[in-house]
Structures are given as structure tokens and as C-alpha cells.
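The values are calculated or read from the model by the stated rules, or taken from the named source; none is laboratory data. Note that the coordinates shown come from a computational prediction; the quantities given were computed from them, not determined experimentally. Here the Cβ is made from the backbone with ideal geometry for all residues, glycine too, and neighbour counts use every protein chain on show. Surface areas here come from the heavy atoms of the whole protein model, side chains and all, with no ligands, DNA or RNA. Shrake-Rupley method; radii C 1.70, N 1.55, O 1.52, S 1.80 Å.
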Amino acid sequence: MYKGIGASAGIGIGKVVVIKEKSLDYKKETITDAEAEKKRLSEAIEVFIDKTTKMVEAMKVTAGEQESEILEGHILMIQDPAIKEQIDAKIDDEKINAEAAVEEACDFFAQIFAMAEDELTQQRASDLGDIKTRLIKILLGIEEVDISAVPEGTVLVAEDLTPSMTAGINPANVEGVLTEIGGKTSHSAIICRSMEIPAVLSVENIVSIVKDGDVVVLDGATGEAYVNPEDSVLEDYKAKKAAYLEEKAALSKFIGQASQTADGHVVELVANIGGPDEAAKVVECDGEGVGLFRTEFLFMDRDSVPTEEEQFKAYKTVAETLEGKPVIIRTLDIGGDKALPYLGLETEENPFLGFRAVRFCLKRPDIYRPQLRALLRASAFGKIRIMVPLVTCVDELRAVKALLEEIKGELDAEGIAYNKDVEVGVMMETAAASLIADILAKEADFFSIGTNDLTGYTMAADRGNSDVAYLYSAYNPAVLRSIKNIIGAANAEGIMAGMCGEAASDPLLVPVLLAFGLNEFSVSATAILATRKVMSLWTMDEAKALAEEVMQLTTEAEVKALLEERSRS
Ligand code: PEP
Ligand code: MG
């Protein structure tokens, strides 16, 4: 079994087609006829634009308008006079062949883009790499790998899938994707998810492990893949795939339905996202808003803090994509297991009990203020709510609110619009917050329970430590009592009680959470319909009876066994 990052859910079973980049061997040569060389270049650019335009059209159908814009950007870049002039100048002045001129000029601009502060400009550096390779291939007369022509039942295996490669994919023929590079937020992952192709990325050396025609099975949710599996594994995966597809088809009838119990008790069913690119998927999966935008992802995979402007754009995009539906944006939750190496923070002995989240932010106004300013500015474009992570005492909530008031004053003075009534809520994920839920509920506009951390902090068990994994379970009576207490406190003050930890989409727990009075469930986009279905299988009276029974039990194992016995699907 090979393990990578599950980047696009679903089961893929098929035969391998390895996409190997042909080497772009050419010699840097001195030319005599610069005009002829420039003509060759212009013709190649025309072919490039023609091919790319066709790819854009195909991609609009297969992956959607938004994804095709990446490639449309390639056409605009190659038409940028600055780039074309630089290539021409190299041919004219240095008398080098077009291939070398393209390479040197593209590398030159890519280096400049790579040094930029903002992520979008940095991304243009990798786009330029893609443009360079394709343009040189055209000049050399090398046919691009025609992914659109792979036979039905193909599993594509490549070192990486560039945007131009993914553009050619016909989802009807591609069963799955395996790559050596990439993670959940890479272009290839986003595109695979939008085409609903199961994908496992970052599988070490997979290109050298497989050969064309090998049979591969993969699970895009768990990140597992087998090459030429035994019959039993193959049969197992066939059954998994059939079940997955059946389940998916059955769930489509919940699109457009209210999120409610069998007797009509309505709650909000929203989604967790890690970046602006995921907002469209929430809408597509019929999410009623965003219940958690983990903004720390905007700060990762780069070497500097994103500017206020970059953050503003990201938050505004999400608010606008959700068209007035609620969008809860959590302020930076860095520390613990999420490091930002470029900040050069000292290594802590107990990072989960240390300089994390709101503790860090309140000590670093240079980083926190721009984020809060960006959030307030973006609040003019939709229904943004601000959420503070890892709160343990009411002082922290007060400090954030005071900072927000100061920034509001600045924005007023500058004449910048924002929502004056923007709500500020608390992420309920520490034992302390749970114990003072009644105090916090008086000053917070909403709660969202982070069961991932709440379980860890309540049970004093690290979520990543397998030796204590038996303790890390939300079915523990201690965790359930904590959840019940938090929801009760929110209900008593009339504020929203939400949940954005993984427990919100646990089908076994959904009826119990409904019974406790949870008003908002925030789950991953792909879990929305399944969660809506589970809700529809219970009346409130049935859920309350189950919750009452559950709360009488004394061990995690008893709770789990009862919930399994009573589970409905
Ligand atoms: C949580 O702790 O439950 C949560 C949703 O936040 P994260 O997983 O990002 O810590
Ligand atoms: Mg958390």
C-alpha cells in the first residue's frame, strides 16, 4: 500500500497511464538571421494561443469557468508586451535561438514574480514555468502529452499535474490521479475536486514505481493507493466504489432541501474551508454558508505574512461567492501543530499549551491588526462574522473587541466602508472556555465548538499521538458533557451555538447534537448532503430520547456502542 495526501474524495480503479515530461533538449545556439528567428517565435506564440484557447473552452465545460481562468491568464501573460519584447531583445541583441531566448526571458520574469510579497504574483512564477515549457515544446515540434485522448478507465500518474495538463482531462475517461507533488490546496487538487476525480497526491516516487497498464486502486479520501493489488483488495475497492457512487446518487435528492429533522426542526448546515478557492465548492454542494474559514492557510506555504490587501481580497472573494450567506472567518490560529517558519518563533516544549492562536495574535498587533482591518473591510461585501480561536478567558475576547473598535475608528476616519454590526464569536475549544461558557455567552455574538481541540484539551490527549489515541474521542462522557454545557449556555443567552469540529459531521453524533440544541453544523463541503440526510432521519423527540440515554452512560465504549446500535442511514 502506498500512502499520500487524499486530495479529492472518491474511489478510483483503473489502468495506469504515466505522464512523463519529454526532455526539452535543445542547444543554445548563435543565430545569424534574427528576423527569421523572431518570425519562428511569433508563429509558435500563435500556435500557443490557439491551443490554449481551445483548452480554455474545453476546461469551461469540464472544470468550470473559475478554473479555466488560470489558463486564460497564460494567454494574457504570453501577450504581455514586456515579456515578448524581452524575448525579441535577446534574439536581436544576443543573437541566440528562440528556445534559449524564451527560456532566459521566462526565467527572468519568473524570478521577479517569485520574490513578490503576494501569493497571486508568486503563483504567476509557476504559471510562467508552465508557459515556458509549452512554448519551447512548440518551437521544438514536440507534441504535448494528449491527456484528452487517454482511454476510458485511466489512472493518470505524473510527477505533478500542471494547469495546462489538467485542462485536457476528460473526466469521463479518468478514474483517478496519482502524483508525487502537491497537497490539498494545490492547483491539481482543486481541479480534481471540481471535476470530481479521486486524487491522491504526494505519493513518493510513484512515477518510477508504476508502469503503463498497471492496475491501480486509490481512495481519494484516505490517501491510500495499491498498485497491482491482490484480488481481495481489488474486490474490496470495487465494493467501496459501488457503495460510494450509490451513496452519492442517493444524496443528490437532498440538494435544495432544508436542513431539518423529520419533524421540521430547522438548523443551519454550513461548511469549513481553508481558502477562497474552496468557497465555490461550498455553493456547489449546497452549503448554507461558511462556518469556519481557517485563515492560517493564507499564511502558510509562503515566506512572509500576507498583506492586508491580499487578505482583504481573499475574505471579500469568499463573502461575495456566498452571496450574503453567513461566512464565519476565524482569525489566525497559528502555533500548536501549525508552524510559520518565517516568523522564526522559538520552539516550545508544549506547543499545544503555548503561544498559539489568539495568545499569539494579541502579542503581535503588527500581524493581527492588518488581519482585523482586512476582515472589517471585507465585511462590507457580505455577511462576514469574526471568530476568535483558542479563547480561555473573557479578557481575550474583550481585547479582540477593543482592537476591533480601534480599527473601526481608523476606518471611519479614512471613510472606508465596513459592517458596523459585524458579529464577533468565540471558538469553544478549550476546557476553560467550556467551564466559563455562561460568562463568555454574555459577551460573544456566537459560539462555534471546535471539537478537534476540545476533545484534546478535555482529555489531555494529543490528537496526533497514537499511544493516547484511545482517549482522543468525542464519545467520552467528559467531552459530551462539555459540549452540552457550551450549547446550553449559548441557548440560554439566545446566541447561536455552532460546531465546526469534525464531530459535527459524525453521523452517530448528529442526533445527540440536535438534541443538545446545536443550531449550526459546519462540516466539510463534501459532507453537507450526508449530514443533511442524517438529520432528516430523526425527530427531535427521538433525538432527545437518545441523548438522554447517552448521557446516562459512564464510558466512551458504552456511548460508542449505543450510538452504533441506534445509528440510522
Ligand atoms: C477544532 O479544533 O475543532 C477546529 C475546528 O479547529 P482546528 O481543527 O483548525 O484546530
Ligand atoms: Mg482548533
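Yes or no, residue by residue, for (1) farther than 20 Å from Thr526 by Cα; (2) away from ligand 1 (no atom under 16 Å from the Cβ):
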site	(1), (2)
Ile255	no, yes
Asp263	yes, yes
Val267	no, yes
Ile273	no, no
Cys285	no, yes
Gly289	no, no
Ser304	yes, yes
Glu310	yes, yes
Inspect the stretch 313-323 for any residue being out of contact with any Leu (no Cβ under 7 Å at 6 or more places or on another chain) and either of a type in the set (Ser, Thr, Tyr) or within 14 Å of ligand 2 (Cβ to nearest atom) (or both) and give the result as yes or no.
yes
For Lys363, which of the numbered conditions (1) buried (at least 23 other Cβ atoms within 10 Å of the Cβ); (2) basic (Lys, Arg); (3) more than 16 Å from ligand 1 (Cβ to nearest atom) fails to hold?
(1)
Please work out which one of (1) surrounded by 22 or more Cβ atoms within 10 Å (Cβ to Cβ); (2) away from ligand 1 (no atom under 16 Å from the Cβ) is the condition Glu423 fails and give its number.
(1)
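Given the residues Glu152, Glu196, Glu224, which is the only one that is free of Cβ contacts under 8 Å to residues at least 40 places away in the same chain and farther than 23 Å from Arg134 by Cα?
Details: Glu196 fails: free of Cβ contacts under 8 Å to residues at least 40 places away in the same chain; Glu224 fails: free of Cβ contacts under 8 Å to residues at least 40 places away in the same chain.
Unique residue meeting the criteria: Glu152.
Quick one: which residue in Ala497, Ala441, Ala504 is assigned to a helix (DSSP H, G or I), open to solvent by less than 10 Å² (accessible area, probe 1.4 Å), within 16 Å of ligand 1 (Cβ to nearest atom) and closer than 24 Å to Lys383 by Cα? Let's see the steps before the verdict.
Numbers: Ala497 fails: assigned to a helix (DSSP H, G or I); Ala441 fails: within 16 Å of ligand 1 (Cβ to nearest atom).
It is Ala504.
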I need a count of the residues in the stretch 344-396 that are aromatic (Phe, Trp, Tyr), in a helix (DSSP H, G or I) and either under 12 Å from Val422 (Cα atoms) or within 16 Å of ligand 2 (Cβ to nearest atom) (or both).
3
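So is Ala469 more than 22 Å from Ser536 (Cβ to Cβ) and touching a strand residue (DSSP E or B) at 6+ places or on another chain (Cβ under 8 Å) or not?
Values: more than 22 Å from Ser536 (Cβ to Cβ): yes; touching a strand residue (DSSP E or B) at 6+ places or on another chain (Cβ under 8 Å): no.
For Ala469, the condition - more than 22 Å from Ser536 (Cβ to Cβ) and touching a strand residue (DSSP E or B) at 6+ places or on another chain (Cβ under 8 Å) - is not met.
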Single condition Thr32 does not satisfy, out of (1) among the polar types (S, T, N, Q); (2) farther than 16 Å from Cys192 by Cβ; (3) not in a loop (DSSP other than H, G, I, E, B)
(3)
Any residue at all in the stretch 9-21 that is of a type outside the set (Val, Ile, Thr), open to solvent by 50 Å² or more (accessible area, probe 1.4 Å), under 28 Å from Phe113 (Cα atoms) and not in a helix (DSSP H, G or I)?
yes
Please list, ordered by first then second residue, the pairs with beta carbon atoms under 9 Å, 6 or more apart or interchain, first in the stretch 465-488 and farther than 22 Å from Asp438 by Cβ and open to solvent by less than 40 Å² (accessible area, probe 1.4 Å), second outside any loop (DSSP other than H, G, I, E, B) and among the basic types (Lys, Arg).
Ser473/Lys560; Tyr475/Lys560
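Of the residues that sit in the stretch 290-312 and are hydrophobic (A, V, I, L, M, F, W, C) and surrounded by fewer than 20 Cβ atoms within 10 Å (Cβ to Cβ), which one is farthest from ligand 2 (Cβ to nearest atom)?
First pass over the stretch 290-312, keeping only residues hydrophobic (A, V, I, L, M, F, W, C): 290, 292-293, 297-300, 305, 312.
Then drop every residue that is not surrounded by fewer than 20 Cβ atoms within 10 Å (Cβ to Cβ), which leaves 297, 300.
Numbers: Phe297: 13, Met300: 15 Å.
Among them, the one singled out is Met300.
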Any idea how many residues of the stretch 211-238 are open to solvent by less than 60 Å² (accessible area, probe 1.4 Å), part of a helix (DSSP H, G or I) and over 21 Å from Ile5 (Cα atoms)?
0
Give Glu117, Glu104 a once-over and let me know the one that is open to solvent by 30 Å² or more (accessible area, probe 1.4 Å), on the phi < 0 side of the Ramachandran plot, within 27 Å of the chain's Cα centre (by Cα) and not aromatic (Phe, Trp, Tyr).
Glu117
Can you tell me how many residues in the stretch 80-101 are within 37 Å of the chain's Cα centre (by Cα) and among the basic types (Lys, Arg)?
1
Looking at (1) among the acidic types (Asp, Glu); (2) surrounded by fewer than 19 Cβ atoms within 10 Å (Cβ to Cβ); (3) under 18 Å from Ala441 (Cβ atoms), find the lone condition where Glu520 falls short.
(2)
Only one of Gln79, Gln86, Gln122 that is polar (S, T, N, Q), surrounded by 14 or more Cβ atoms within 10 Å (Cβ to Cβ) and in contact (Cβ under 8 Å) with a residue 24 or more places away in the chain
Gln122
Within the stretch 258-285, considering residues that are more than 25 Å from the chain's Cα centre (by Cα) and within 17 Å of Arg568 (Cβ to Cβ), the one surrounded by the fewest Cβ atoms within 10 Å (Cβ to Cβ)
Asp263
Can we say Lys241 is in a helix (DSSP H, G or I) and surrounded by 15 or more Cβ atoms within 10 Å (Cβ to Cβ)?
yes
Here are some residues: Ser148, Ser194, Ser208, Ser164. Which one is under 28 Å from Tyr237 (Cα atoms), surrounded by 19 or more Cβ atoms within 10 Å (Cβ to Cβ) and of a type in the set (Ser, Thr, Tyr)?
Ser194
